[in-house]
Amino acid sequence: MSSERHPTLCQVVHEVVERTPVFDIHTHLFDPAFESLVSWGIDELLTYHYLIAESFRTAEAPEDHFWGLNKQEKADWIWKQLFLERSPLSEACRGVLTSLRLLGIDAKERDLPALRRHFAQWTPGTFTDRILEIAKVRKVCMTNLPFDNEERAYWEKGISRHPSFVAALRLDPLLLEWEKTAGQLHAWGYDVRADLSGQTMGEVRRFLGDWCVRMDSQYCMVSLPPDWTCPATNGTNRLLTEAVLPAAREHGQAFAMMIGVRRGVNPLLRMAGDSLAPADVPSVEAICAAFPENKFVCTMLARENQHALCVAARKFRNLHIFGCWWFLNNPSLIEEITRMRIEMLGLGVTPQHSDCRVMDQLGYKWNHSRPILAKVLSEKYSDLSDTGWHVTRAEIERDVHSLLGGEFERFIGRS
């Protein structure tokens, strides 16, 4: 084992990975300035969709009864199902307990009302600052949707931005629900048509430019279904190639594709009812080849896609792959995928992002991921040392900074 071959080297790697601040390049968190949209606390942790789906595997209660409960009642029910009636061994359950531990909250008495009282001392702002400190996160990228009326209102009235939060412009409604979205854009003063005729493409580009500037977005993004293909003649691809990618080039925006989610496989579970399927990696290669002046960022949801996606990233310098998304965010899979990516791409990858929706999750996601990255890097630096190439601490610090967001910043032109 590498720890036996090079114990001092491995100790340095673990120390550096543990201490290096991270840029979390994709989350669903909100800057505290968004007030009502900020999610944090024990009830939000327990009613996260990972735990909702898991809890329904353990009980016979009808789903319509659960959805009729208020937030606290839902949390009580999930706590009973997953933490009191059985040991909380899943990664999602472990994450709740790690989040509490990192905040200095002792959960061993299994007293949920007492846990709630611990959170009463915080405001969203002070809690956010504390979590960023605990998780050693220097910058958080939100997922921002101007088509959501509640969020849009904050952008339009103007907000005082938290220095650690940056934006990403999400385009799912524009690319996947155009007929509905066309009506919204028309109401906002953009001369667009549902059939994509007339000035539609130019007006969509104008809309994107307006919001890239308003948000100071780091990149644009979309979550695509597994059956998305390119090239293909359809409304989604026309909007993508004739409007989104030209606007991205004009405004210096990388375009991020998160591919593989199958929405609403079990409608009874609502947001917790999504699933996955393998997607088409050749379509990613095709769009990278067709638009070499654009920068693309990609993650895929199915384990089966990960090797082919690594190969694609070796062939296209305008493609950057990242993260262990959603159903891949389990320690065994993170380790497997991280090792493969570093073996194939070296430092030209961002191994992980948190995908958090609840502020508390920043703590556990990075607490669980850092040791895995350190383990893989220790092995790789030990292999390197065996060749006679010895790395310095400064070089390790440089490399770890790169893997924890620095390479992504360089790729998108924000370093």
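Values for this structure:
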| item | result |
| --- | --- |
| Residue check, Asn367 closer than 14 Å to Val137 by Cβ and touching a residue at least 60 places away in the same chain (Cβ under 8 Å) | yes |
| In segment 81-92, the residues that are surrounded by 15 or more Cβ atoms within 10 Å (Cβ to Cβ) and either among the hydrophobic types (A, V, I, L, M, F, W, C) or in a helix (DSSP H, G or I) (or both) | Gln81, Leu82, Phe83, Glu91, Ala92 |
| Lone unmet requirement of (1) of a type outside the set (S, T, N, Q); (2) more than 22 Å from the chain's Cα centre (by Cα); (3) outside any loop (DSSP other than H, G, I, E, B) for Asp195 | (3) |
| 1 or more residues touching an Asp or Glu at 6+ places or on another chain (Cβ under 8 Å), modelled with pLDDT of 95 or more and surrounded by fewer than 16 Cβ atoms within 10 Å (Cβ to Cβ): qualifying helices (runs of 4 or more DSSP H) within segment 111-176 | 112-119 |
| Residue match in segment 235-248 (condition: loosely packed, with under 14 Cβ neighbours inside 10 Å and in the same structural domain as Met142 (by TED's automatic domain parsing)) | no |
| Sole residue being surrounded by fewer than 16 Cβ atoms within 10 Å (Cβ to Cβ) and either in the same structural domain as Met300 (by TED's automatic domain parsing) or touching a strand residue (DSSP E or B) at 6+ places or on another chain (Cβ under 7 Å) (or both), chosen from Asp355, Asp360, Asp386 | Asp386 |
| Residue satisfying condition, being assigned to a helix (DSSP H, G or I) and over 23 Å from the mean Cα position of the chain (by Cα), within set Val204, Val244 | Val204 |
| Number of the exception - Ser223 against (1) part of a helix (DSSP H, G or I); (2) under 19 Å from the mean Cα position of the chain (by Cα) | (1) |
| Of residues in segment 280-336 being over 22 Å from the mean Cα position of the chain (by Cα) and of a type in the set (Phe, Trp, Tyr), the one surrounded by the fewest Cβ atoms within 10 Å (Cβ to Cβ) | Phe316 |
| Flag if Thr8 is of a type in the set (Ser, Thr, Tyr) and loosely packed, with under 13 Cβ neighbours inside 10 Å | yes |
| Unmet requirement for Arg57, which otherwise passes all of (1) surrounded by 13 or more Cβ atoms within 10 Å (Cβ to Cβ); (2) at pLDDT below 95; (3) of a type outside the set (Gly, Ala, Ser) | (1) |
| Enumeration of residues in segment 60-80 that are out of contact with any Asp or Glu (no Cβ under 6 Å at 6 or more places or on another chain) and buried (at least 19 other Cβ atoms within 10 Å of the Cβ) | Phe66, Lys74, Trp77, Ile78, Trp79 |
| Residues within segment 11-40 that are among the small types (Gly, Ala, Ser) and surrounded by fewer than 19 Cβ atoms within 10 Å (Cβ to Cβ), tallied | 2 |
| Residue within segment 98-110 that is on the phi < 0 side of the Ramachandran plot and assigned to a strand (DSSP E or B) present | no |
| Test: residue in segment 267-283 that is within 27 Å of Asp195 (Cβ to Cβ) and either aliphatic (A, V, I, L, M) or assigned to a helix (DSSP H, G or I) (or both) | yes |
| The listed residue being closer than 30 Å to His162 by Cα and acidic (Asp, Glu), out of Glu35, Glu85 | Glu35 |
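The values are calculated or read from the model by the stated rules, or taken from the named source; none is laboratory data. Note that the coordinates shown come from a computational prediction; the quantities given were computed from them, not determined experimentally. Heads up, the Cβs are rebuilt from the backbone with ideal geometry, glycines too, and the neighbour counts pull from every protein chain shown.
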